[in-house]
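Working notes, structure below.
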Amino acid sequence: MSIAALAERIAACEAARSRARRQILTLVPVLALAGAGLGFLLFGGAGTALALALAGAAFGAAGAGLSLLSAGRRQARLAVEHPDLYPAALERYRMVMATERAGRYKLYC
């Protein structure tokens with residue numbers, strides 16, 4: 001495997017991790033509020049609203065958390081499978097990401 005191909009796989013893992021983090025930050029509160037609202041409207045009690053809010057938050061966090069763990073394990077597996085190429089590929093990925101950020105910053109200045 002070449003350094004460029006390995007850097008691409010690292011980028012895919014990092015994109016999956018970033019997507020999972022965004023899901024945790026957005027999906028969990030939305031599902032908790034939906035669960036609380038549903039519990040309060042259907043059953044009329046604060047206790048059931050709280051229970052359904054916690055269930056909604058747990059449901060939302062479970063899927064995103066598993067995705068986050070899976071991406072981390074894939075990236076760790078890449079480091080173990082390619083110990084000689086991984087540092088160079090990681091540096092290449094970081095340089096590409098820094099260049100993209102710098103390009104976006106120039107657009108706004």
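Table for the structure above
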| quantity | calculated |
| --- | --- |
| Heavy-atom accessible surface of the chain: percent carbon and sulfur, 1.4 Å | 68 percent |
| Span-rule helices in the chain, defined as complete DSSP H runs reaching 20 Å or more along the axis (Cα) with Kyte mean at least 0.0 | 3-43, 46-81 |
| Distance cut-off 21 Å, percentage of C-alpha pairs in the chain lying past it | 55 percent |
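The values are calculated or read from the model by the stated rules, or taken from the named source; none is laboratory data. Please read these numbers as outputs of a predicted model, since none were measured by experiment. Please note that ligands, DNA and RNA were not included when accessible areas were found on the heavy atoms of the full protein model with its side chains. Shrake-Rupley method; radii C 1.70, N 1.55, O 1.52, S 1.80 Å.
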